[in-house]
Every structure is written in structure tokens, then in C-alpha cells.
Amino acid sequence: MRDKQVQDLKEYKYGFSTDIDTIKAPKGLNEDVIKFISNIKKEPKWLLEWRLKAYNRLKVLKEPDWQKPKYPKIDYQDLYYYSAPKSFKEKPKSLDELDPKLLETYEKLGIPLQEQKRLNGIAVDAVFDSVSVATTFKDTLTKQGIIFCSISEAIQKHPELVKKYLGSVIPITDHYFATLNSAVFTDGSFVYVPPGVKCPMELSTYFRINASDTGQFERTLIIADKGSYVSYLEGCTAPMRDENQLHAANVELVALDDAEIKYSTVQNWYPGDKDGKGGIYNFVTKRGLCQGKNSKISWTQVETGSAITWKYPSCILKGDNSIGEFYSIAITNNHQKADTGTKMIHIGKNTKSKIISKGISAGYSDMTYRGLVDISKNAQNSSNYTQCDSLLMGNKCGAHTVPYIKNKNSDSNIAHEATTSKISEDQLHYCQQRGLNSEDAVGLIVNGFCKEVLQQLPMEFAVEAQKLVGISLEGSVG
Amino acid sequence: MEKQLRTDFKKIIDSSNFSDKEIITKEKYLNKFIQNGFPGKKNEDWKFLDLNQAIKSNIENLDYFNENLPNEVDPKIYVDGLEHNKIVFINGRIEKIDLKYEESDKFEIKDQFDSESLLNNVNSLVDLNSALTNKYYKIQVKEHYTVKKPVIIYSLTTSKISSKNINIRLDFDLETNSALKIIDYSIDKSENNFVNIVYNFNLEKDAILKNYKLDKEENNNIKYSYNNINLDTNSVAENFILSLGSSFIKNEINCNLNGKYSSAFVNGIFNLDNNKNHEIRTSINHLNENTKSYQLIKSVLGENTKSAYQGKIFVKSNAQKTDGYQLSKAILLSDNAEFNAKPELEIYADDVKCSHGSASGSLNQESIFYIMSRGLNYKEAKELLINGFLLDVVEKITDNEIKNLIKNIMGLKE
């Protein structure tokens, strides 16, 4: 019985694809496609201009190549930049109008969109390929003045907010993938929490890539106004396909005075098969700006999926006394590769940051922690603490640590620690002596290794993440 | 630059007597350098210290050809209070070799051309050095011989030269069970030259190398030093770098732990003031089982100074039971000081113990208060703390005589 369960778990259970009619933009990347996307989304003129500006800049930019995991050249002309279920030409007004097939898909993923079924009080925005399909719990949120909708809807209904903040953290002049996203982004979530409001529930987005040959370019924008608080969670899956699919999202967070944003990610994109065939290229730009005084942004990520993960959720600590945090677990198995970490840019006075990163590599995989701590000249009395630990299972995999530490302020302190080790025989022996088999023992030890990060996740997801950690390493010991 | 290089290269070839084969090899190095040029910010290894920029802004018309006129060696330069063998370079030319404490058949220095051993490197400055040096010397320590007294390699520049590129190359062979202590000691009376030093060490089984580098005199030259050390079974390389005087210097140490049970140590001190810009970059490659490395780098940074430490530990997949450790600490005394670190681990084996740490910040105010409450003034308290901070690194030196010499140079108290 247990064996069967393990077998089931080992398989990537989100690997199915949904057979649904889609509308796609013509293949390729050019001005017409951008106009097509902008047009189909009925966007205002300024946004189209903004996209085209990004596109023009993209033409002169070069794709970066300094990362550890190398990948075959992506043919950007051979991708669909927009794909949406056909039934979405007019966005359905309520869930009842939604294509049953879509609902079914999200059921299978364990995300029932029907609100009545939701008991645990988490508002969900579901993004399917290029469009947001449904957002739940709108009424409860609206009462408090919280805006939680797809970014397309926000562009229509709250253009002043979008115009003010879009690109304020990740400008269109940023690096290659961020600029690509600015030119062709299709959908994503938008959150605005008004001053003094503590968001009563977890907000959550669920991303799903379905169509083949598509890239997913979503854009998420979260604004926490003065004194507000919001906790946001994203999850992601994709069908099993032999080709590599590109996912280049941009996430921008803005925290004003005394505001706090907690952003958690459980990333479980299709990692490719045992031999490293297929899987998602997860090249994501996530950046938070602590703009106001006493603001706080906290990133928590559990990265278990994707063929290649390449992302550095960052905090720009601009406001005085602001705080940035980064908690990460990254697990690579088989032929997966990850190059992930964070950047903490201290600009304001008395700013504090904390980085806890746990990397586990098994099989033939390769994992890199790359991080930057930069304390600028005027960031008096700032401090950073970094701890990054790696665990290796077997001698076919790699674990690397590449921190960059820059201190330009004599009043500030930076402390950095990193270790690399394997699970000790003693620990294993101790657990096994008490009746656990070797896989359970490893699971237990790994969970202990990750505990500091798992604790940071919202409760419901912590349980899921814990399971995911176990599954991802299944079969890597013994 | 290319034209100048080619004409100067020709002058060097014409004034020396290289064989045709040697000239072809040298040309290969030259072409490689011309292709890559001086490394700048875009080069990851030079991210914190832009050599290209430094040369451009400090040296007008860098001249690669050095006429190498003989110079008198002034015995006053010799280090006092330590019996030692001497090799003296003046303006890049060897002027004196004095190995009077050693048995001449056990310890030799030869004028010998090293063919293509460094041709596969990716360091353009090594290419420049290999292309333009007009002499190679190989120092050989025969098996089972322990060199009795340390060898001090004096590297002098006189006030006569300016805007010159000086290249020095030495090779060292330490045969089975031999031991050698060397001290690099530079004295500069010149300004605005680019000094490029390359040492290549081969340590055979059970050999012990102690390699100390002292850069203590104030000068306005731009300096680069590259040491490549290959270690065979059970050999040991101890390195110590004292980075004080030059306005711009980068010390690079590359250790290949090829043999089982071999070990490498790199310890370093930056104690900087007045617009100085220094860097140490190490890469320790653990290529076999049971190898060990230890690194400790400390910085004290005054007004307008910048120090950087890039340390890499690489562990190959068969290098099980590796023990690698690396620690860098910095005290920033001024708001215009900057400390950069990139401690890197690249690990492909699982049964290893590797860790690194880095800490930077100001002097601990509580410690200062403690000392002052016992009657010292602020300045004395500060000096006492810095003294203790740096002494920690000097104490790692295993040779007592040299340790005392360095303590005297730095004015450290116990």
C-alpha cells in the first residue's frame, strides 16, 4: 500500500494537460504581436506605448549568460506570446459562466474555485496560460476596500494605480527577461491594500501553463498602502511536455510607510523527466521596494520544480528602518538546475535584512545560491545576517555558494555564514535505530534542515510544502 | 596598444637570444594577450578592481620594453636581523643571487625556458608576462633537502623608471620531501609602473613550501602577482600575504591540490589608508581525496580605501573527505572605506566539510568602552583592538623567525 502511494507521489501528478480550445497570438515576437495582445485586452494607449518602448529596448539588449545553469538558445520567434481559452473572448462575469473544463482542471489541481467549497478562507486568483480565469472571495475583500483582481481588470478599473506603480520597481530598462516581460506580459494578479487595513485572509494566485509552445509572462503588482498588511501566496504547475517552456514573470511589490507584505511561493512547475527532458525554464524577476519608513517585505520560497530555476527575489530597503527578509528552500533532483538567491540593497538608515537559504541537491542536479548584500554609504546603522546551508546527496550533484558582499558604511554590520555537508551517518543511524526506514529518516532530517524556512509559510501551505519536500527527494537515497 | 606591444615585443626578442621555437611560443602568448587585453570590470574576476581603468588613468603610454641596464645593489636594503639567502631583482632584472647558506648541489637556480605550461590559462596578465619576460629562472630544491635559511626575493624599482611594464617570472621545483621558505619583499622608489609577477610552484610528494609576501612600502605603482601552486601527495603550501604599501595591488593565489592528503593555507592582512585599493583572490581546487584548505583574511580600512577578497573553494566529485574553510573579516574605520567580498563554494562531492564566513562592520563600541574604563584613551583603545584583530592572522605563521619579522614590520605587540 505504502509502495503504491510512494509510486504515485513520485510521478509528477500535475502533469496532465487540458484539452481546451484556445486563441493564440501569431507565433513570434514583433510589434504586431504586442499590438495584438494590447488590443485583445482592450488596453489604454499609454500601456501599449509602454510595451512598445520596452520592446524597442529589448531589441538592443543581450541575453545574460553569466548564470551557472546553461541552456540551449531559446528561439524567441518560435513561441506563442498569448494563449487564452476560447471561451474567454468576453471574460465570464461569474464562475457559473466559466467553461466546465477549466473548473475541472483546477479541481484536479486541488484548487476548487467555487467559493462555497472554500472553507479555509483563502482568496484565489487563477491564471491559465495567458489570462486570469477567476478570482474568488471578491465581495469580502471589496468591503474592506482591498482590490484583488487580475492585472488586466485593474488596468481597466484602476488605471491610476496601475499607471503609478507599474514599472516603478522593475523598470522597462531592466535586464533582458524583465524587459521581455514588460513588452509582452499577458496577465497576473493585482493587489491594493488601502491605508490601515490588515487583509483578513491569505491572497493566493495559482498559475498554470497548459498550451504547448507558449511562454507564460505574467505580471504581478502588489501595493500595500500606509500601515497595511497583506500575505500573498502563489503556486504553479504545468503539464508534462517534452519541450522546454519559458516562464518569465515579473513580480513587483511596493510597501509604503509602516506596511508589510509577506510573499510566499510554492513553485512546482514540471521539472522534466528523469533524464532531464522537458520541463519549465523558470526565469522570474521578483523585486520588492520598501519605499516607506518602517516597512517590511518578506519573501518565502519553496522551489522544487522547474528544469531550470533562475531567480533572485530582492528587497530594496529605501525607507528608514525598513526590513527585508528572504527564506528559501530549493531542492533539485535528477537533472534539475537552480541558480537562486536574493539581493538586499540597503539604502535607508537603520535598515535590516535577514537571509536564510537552504539548498538540497540530489541525483545529477546542480544548485547555486547567489546573493548580494549591498550596504550603501548612507545606510547608517544597518545590518544583515545571512546563512546559507547546502546539503548534498551523492557525488553526481553539485552545490555552490556565490555571495557578493559589499559594505560601504562603517556603522553597519554584515555577517555571512555558509556550510556544505551531507546527512551524517550518525543521524541516519539514530533514526533507523528507532524504527524509521532510511527514506523516512532522510525525510525527517531534511525537514529538520528546512525547518527555519517552513515555519515562515502560512500554515495551510506549510503542510503541503513539507510533503513536497519529501516527494521531491523520493528515490534519491539508498 | 597593439602596435606598441608588437614593436616592444620585437625589441625584446632582438635584445635577447631565444630559439625559434621559444619565439613562436612567446608569440602565442602575445596574441592571446592582444585578443583579451587588460582585464576590466566586465571580467568577473576583476569585478571589484578595474585594472584596465587603473592603468588608463594612472599610466600614460605604458612602455613594454625595458632596456635593463645593470644597477648597483645597495646592501642597505637587506632585511636586518634575519639570516637569509638573497635574490635581487632591480627594475625586473636579476642583479644578485646569493645562496651562501645552502649546499650548492642541493639547491640550484637555473636559467631555463619554460615552454607552454601556462598556455591554457584564462588569465591575460599571465599571457602578457609569458610573452614579455626576457629571462626565466627555475629554482630547484633537490629531494630530501631542507633549505636552511629563508630565501628573500627582493624586488626593487628605482626612481629612474616610469610608465614601464615590468614582468618577473620565477619557477620553483620542490622535489620529494624537500622544504623551502621564501619571502617576497618589494621596495619601490618609482612611480606609475605596472609590475606583473608570475610564480609557478611544483611541489612533489611530501614537499613543504612556505610562501610569504610583504608589500610594505608606500608607492604609486600598480601591481599584480599571480602564484600557481601544484601540490602532490602529502605536500603542504603555506601562504601569507601582507598587503600594506602599494596604492593598487592584487595578489592572486591558485592552488591545485592534486595529491591525496595535500593541504593549502592562505592567510592575509590588509591594513590600508590613503586611497589604497587592494585585493586578494584565491582559488583552491580540491582535486583528490582527503585534501585540506584553510583561509583567513582580515582587513582594517581607513580613509578612502577599498579592499576586496574573492575566495573560491572548488571540490571535484572524487575529492571526498575534503575539509575546506574560509573566513574573511573587515573593520571599516571610515565612512569612505569599502569592503567587498565574494566567498565562493563550488562543490561536486558529498562527503565534504566546507564552510565560509564573512563579517564586516565597525569597531565594537562596547569593547572600546571596556578598555577606556581601564584607563586607556580612545586612540590607544582603538589601536589595541586593531592590534589584537590583526595579530590573530600573524599568529598563523608557522615559522617563528619570520613571524617575529612580520610583527616588527607591522609594529604589532603581543
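Please tell me if A:H429 is more than 7 Å from chain B (Cβ to nearest Cβ) and over 21 Å from the mean Cα position of the chain (by Cα). Break it down into steps so the answer makes sense when it comes.
Values: more than 7 Å from chain B (Cβ to nearest Cβ): yes; over 21 Å from the mean Cα position of the chain (by Cα): yes.
Here the answer is yes, as A:H429 does meet what is asked.
Can you run down the residue pairs with Cβ atoms below 7 Å, 6 or more apart or on separate chains, where the first is in the stretch B:117-146 and without any contact (Cβ under 8 Å) to a residue 12 or more places away in the chain and more than 21 Å from B:N91 (Cβ to Cβ) and the partner is of a type in the set (D, E) and surrounded by fewer than 19 Cβ atoms within 10 Å (Cβ to Cβ)?
Nothing qualifies.
Looking at the structure I just gave you, is A:Y281 assigned to a strand (DSSP E or B), of a type in the set (S, T, Y) and over 20 Å from A:E325 (Cα atoms)? If you could, list the steps in order and put the result at the bottom.
On the way: assigned to a strand (DSSP E or B): yes; of a type in the set (S, T, Y): yes; over 20 Å from A:E325 (Cα atoms): yes.
For A:Y281, the condition - assigned to a strand (DSSP E or B), of a type in the set (S, T, Y) and over 20 Å from A:E325 (Cα atoms) - is met.
Scanning the stretch A:259-287 for residues that are within 13 Å of the chain's Cα centre (by Cα) and among the basic types (K, R), which turns out nearest to A:A249 (Cα to Cα)?
A:K286
I'd like the residue in the stretch A:416-426 that is more than 7 Å from chain B (Cβ to nearest Cβ) and under 34 Å from the mean Cα position of the chain (by Cα) and, out of all such residues, is surrounded by the fewest Cβ atoms within 10 Å (Cβ to Cβ). Outline the logic, then answer.
First pass over the stretch A:416-426, keeping only residues more than 7 Å from chain B (Cβ to nearest Cβ): A:423-426.
From what is left, the residues that are under 34 Å from the mean Cα position of the chain (by Cα) are A:423-424.
Details: A:I423: 19, A:S424: 11.
Among residues in the stretch A:416-426 that are more than 7 Å from chain B (Cβ to nearest Cβ) and under 34 Å from the mean Cα position of the chain (by Cα), the one surrounded by the fewest Cβ atoms within 10 Å (Cβ to Cβ) is A:S424.
Inspect all residues belonging to the stretch A:295-308 and state whether any of them is among the basic types (K, R), outside any strand (DSSP E or B) and either closer than 16 Å to A:V254 by Cβ or touching a helix residue (DSSP H, G or I) at 6+ places or on another chain (Cβ under 9 Å) (or both).
No, the conditions are met nowhere in the stretch A:295-308.
Exactly one condition in (1) over 23 Å from the mean Cα position of the chain (by Cα); (2) more than 7 Å from chain A (Cβ to nearest Cβ) is false for B:A349; which is it?
All conditions are met except number (2).
From the list A:C431, A:C450, A:C388, which residue is in a helix (DSSP H, G or I), of a type outside the set (A, V, I, L, M) and closer than 26 Å to A:S365 by Cα?
Details: A:C431 fails: closer than 26 Å to A:S365 by Cα; A:C388 fails: in a helix (DSSP H, G or I).
Going through A:C431, A:C450, A:C388 in turn, just one is in a helix (DSSP H, G or I), of a type outside the set (A, V, I, L, M) and closer than 26 Å to A:S365 by Cα: A:C450.
Can you name every residue in the stretch B:302-320 that is of a type in the set (S, T, N, Q) and either facing chain A (nearest Cβ under 9 Å) or buried (at least 20 other Cβ atoms within 10 Å of the Cβ) (or both)?
Of the stretch B:302-320, the ones of a type in the set (S, T, N, Q) are B:304-305, B:307, B:310, B:317-318, B:320.
Answer for the stretch B:302-320, where residues must be of a type in the set (S, T, N, Q) and either facing chain A (nearest Cβ under 9 Å) or buried (at least 20 other Cβ atoms within 10 Å of the Cβ) (or both): B:T305, B:S307, B:Q310, B:S317, B:N318, B:Q320.
Of all residues in the stretch A:255-264, which are surrounded by fewer than 24 Cβ atoms within 10 Å (Cβ to Cβ), outside any loop (DSSP other than H, G, I, E, B) and not basic (K, R)? Working first, answer last.
First, pick out the residues of the stretch A:255-264 that are surrounded by fewer than 24 Cβ atoms within 10 Å (Cβ to Cβ): A:256-258, A:260, A:262-264.
Now restrict to residues that are outside any loop (DSSP other than H, G, I, E, B): A:260, A:262-264.
Once the filter is applied, which keeps residues that are surrounded by fewer than 24 Cβ atoms within 10 Å (Cβ to Cβ), outside any loop (DSSP other than H, G, I, E, B) and not basic (K, R), the stretch A:255-264 yields A:E260, A:Y263, A:S264.
Report the residue count in the stretch B:321-346 for those that are aliphatic (A, V, I, L, M), surrounded by fewer than 24 Cβ atoms within 10 Å (Cβ to Cβ) and within 8 Å of another protein chain (Cβ to nearest Cβ).
Of the residues in that region, 1 qualify.
Inside the stretch B:56-160, counting only strands (runs of 3 or more DSSP E) that do not spill past its ends, which hold 3 or more residues that are modelled with pLDDT under 85 and within 21 Å of the chain's Cα centre (by Cα)? Spell out how you get there, then give the answer.
Working: elements: B:85-90, B:93-98, B:107-111, B:137-141, B:151-157.
Where strands (runs of 3 or more DSSP E) fall fully within the stretch B:56-160, none carries at least 3 residues being modelled with pLDDT under 85 and within 21 Å of the chain's Cα centre (by Cα).
Determine, yes or no, whether A:E202 is under 19 Å from the mean Cα position of the chain (by Cα), crowded, with 23+ Cβ neighbours inside 10 Å and at pLDDT below 85. First the steps, then the outcome.
Numbers: under 19 Å from the mean Cα position of the chain (by Cα): yes; crowded, with 23+ Cβ neighbours inside 10 Å: no; at pLDDT below 85: yes.
Judged against the criteria, A:E202 is not a match.
When the residues of the stretch A:313-328 are filtered to those that are touching a Ser or Thr at 6+ places or on another chain (Cβ under 8 Å) and of a type in the set (A, V, I, L, M, F, W, C), which remaining residue is surrounded by the most Cβ atoms within 10 Å (Cβ to Cβ)? Break it down into steps so the answer makes sense when it comes.
First, the residues of the stretch A:313-328 that are touching a Ser or Thr at 6+ places or on another chain (Cβ under 8 Å): A:313-315, A:317, A:319-328.
From what is left, the residues that are of a type in the set (A, V, I, L, M, F, W, C) are A:315, A:317, A:323, A:326.
Values: A:C315: 30, A:L317: 32, A:I323: 20, A:F326: 27.
Within the stretch A:313-328, the match that is surrounded by the most Cβ atoms within 10 Å (Cβ to Cβ) is A:L317.
Out of A:L221, A:L180, which single residue is at pLDDT 90 or above and in a helix (DSSP H, G or I)?
Working: A:L221 fails: in a helix (DSSP H, G or I).
Answer to the selection: A:L180.
Return the only residue of A:F190, A:F207 being in contact with a Cys (Cβ under 6 Å, 6 or more places away or on another chain) and at pLDDT 90 or above. Full working, then the answer.
On the way: A:F207 fails: at pLDDT 90 or above.
Unique residue meeting the criteria: A:F190.
With the checklist (1) over 22 Å from the mean Cα position of the chain (by Cα); (2) under 30 Å from A:E425 (Cβ atoms) in hand, flag the one item B:E344 doesn't pass.
With respect to (1) over 22 Å from the mean Cα position of the chain (by Cα); (2) under 30 Å from A:E425 (Cβ atoms), B:E344 is out only on (1).
What number of residues within the stretch A:354-369 are surrounded by fewer than 24 Cβ atoms within 10 Å (Cβ to Cβ) and either under 30 Å from B:E303 (Cα atoms) or more than 9 Å from every other protein chain (Cβ to nearest Cβ) (or both)?
The first filter runs over the stretch A:354-369 and keeps only residues surrounded by fewer than 24 Cβ atoms within 10 Å (Cβ to Cβ), leaving A:354, A:356, A:363-364, A:366.
Filter again for either under 30 Å from B:E303 (Cα atoms) or more than 9 Å from every other protein chain (Cβ to nearest Cβ) (or both), leaving A:354, A:356, A:363-364.
Residues in the stretch A:354-369 being surrounded by fewer than 24 Cβ atoms within 10 Å (Cβ to Cβ) and either under 30 Å from B:E303 (Cα atoms) or more than 9 Å from every other protein chain (Cβ to nearest Cβ) (or both): 4 in total.
Restricting to the stretch A:373-393, name every residue that is more than 28 Å from B:D351 (Cα to Cα), more than 7 Å from every other protein chain (Cβ to nearest Cβ) and not β-branched (V, I, T).
Restricting attention to the stretch A:373-393, the residues satisfying the condition of being more than 28 Å from B:D351 (Cα to Cα) are A:373-384.
Within this subset, residues satisfying the condition of being more than 7 Å from every other protein chain (Cβ to nearest Cβ) are A:373-376, A:378-384.
A:D374, A:S376, A:N378, A:A379, A:Q380, A:N381, A:S382, A:S383, A:N384, listed by residue number.
Would you mind telling me which numbered condition in (1) within 14 Å of another protein chain (Cβ to nearest Cβ); (2) within 21 Å of A:K358 (Cα to Cα) A:N413 fails?
It fails just one condition, (2).
Taking the stated definitions as given, is A:Y404 at the interface with chain B (Cβ under 9 Å from one of its Cβ atoms) and among the aromatic types (F, W, Y)?
It is true that A:Y404 is at the interface with chain B (Cβ under 9 Å from one of its Cβ atoms) and among the aromatic types (F, W, Y).
With B:D323, B:D351 as the choices, which residue is at pLDDT below 95 and in contact with a strand residue (DSSP E or B) (Cβ under 7 Å, 6 or more places away or on another chain)?
Numbers: B:D351 fails: in contact with a strand residue (DSSP E or B) (Cβ under 7 Å, 6 or more places away or on another chain).
Answer to the check: B:D323.
In this structure, is A:V463 β-branched (V, I, T), surrounded by fewer than 17 Cβ atoms within 10 Å (Cβ to Cβ) and under 22 Å from the mean Cα position of the chain (by Cα)?
On the way: β-branched (V, I, T): yes; surrounded by fewer than 17 Cβ atoms within 10 Å (Cβ to Cβ): yes; under 22 Å from the mean Cα position of the chain (by Cα): yes.
For A:V463, the condition - β-branched (V, I, T), surrounded by fewer than 17 Cβ atoms within 10 Å (Cβ to Cβ) and under 22 Å from the mean Cα position of the chain (by Cα) - is met.
Exactly one of (1) more than 10 Å from chain B (Cβ to nearest Cβ); (2) farther than 21 Å from B:L327 by Cα is unmet by A:K396. Its number?
Status for A:K396: all satisfied but (1).
Condition check: of a type outside the set (S, T, N, Q) and either farther than 30 Å from B:D273 by Cα or surrounded by fewer than 21 Cβ atoms within 10 Å (Cβ to Cβ) (or both). Does B:F172 satisfy that?
The answer is yes for B:F172.
Would you point out the residue of the stretch B:1-32, among those that are surrounded by 12 or more Cβ atoms within 10 Å (Cβ to Cβ) and of a type in the set (K, R), that is nearest to B:N61 (Cα to Cα)?
B:R6
List the pairs whose first member sits in the stretch B:52-76 and is surrounded by 13 or more Cβ atoms within 10 Å (Cβ to Cβ), whose second member is in a strand (DSSP E or B) and of a type in the set (D, E), and whose Cβ atoms are under 7 Å apart, counting only residues at least 6 apart or on separate chains?
Listed pairs, sorted by first residue: B:N71/B:E95; B:V73/B:E95.
Looking for something within 14 Å of another protein chain (Cβ to nearest Cβ) and either out of contact with any Gly (no Cβ under 8 Å at 6 or more places or on another chain) or among the polar types (S, T, N, Q) (or both) - is there at least one such residue anywhere in the stretch A:20-32? Reasoning before the result, please.
If we filter the stretch A:20-32 for residues that are within 14 Å of another protein chain (Cβ to nearest Cβ), which is where we start, we get none.
Scanning the stretch A:20-32 turns up no residue that is within 14 Å of another protein chain (Cβ to nearest Cβ) and either out of contact with any Gly (no Cβ under 8 Å at 6 or more places or on another chain) or among the polar types (S, T, N, Q) (or both).
Go through the stretch B:352-378 and give me each residue that's within 15 Å of B:V300 (Cα to Cα) and more than 7 Å from every other protein chain (Cβ to nearest Cβ).
Start the filter on the stretch B:352-378 by keeping residues that are within 15 Å of B:V300 (Cα to Cα), which leaves B:358-364.
Residues satisfying the conditions are B:L363, B:N364.
The values are calculated or read from the model by the stated rules, or taken from the named source; none is laboratory data. Treat the numbers as computed from the prediction; the structure is a model and nothing was measured. Positions of Cβ are generated from backbone atoms using ideal geometry, with glycine treated the same way; all protein chains shown enter the neighbour counts.
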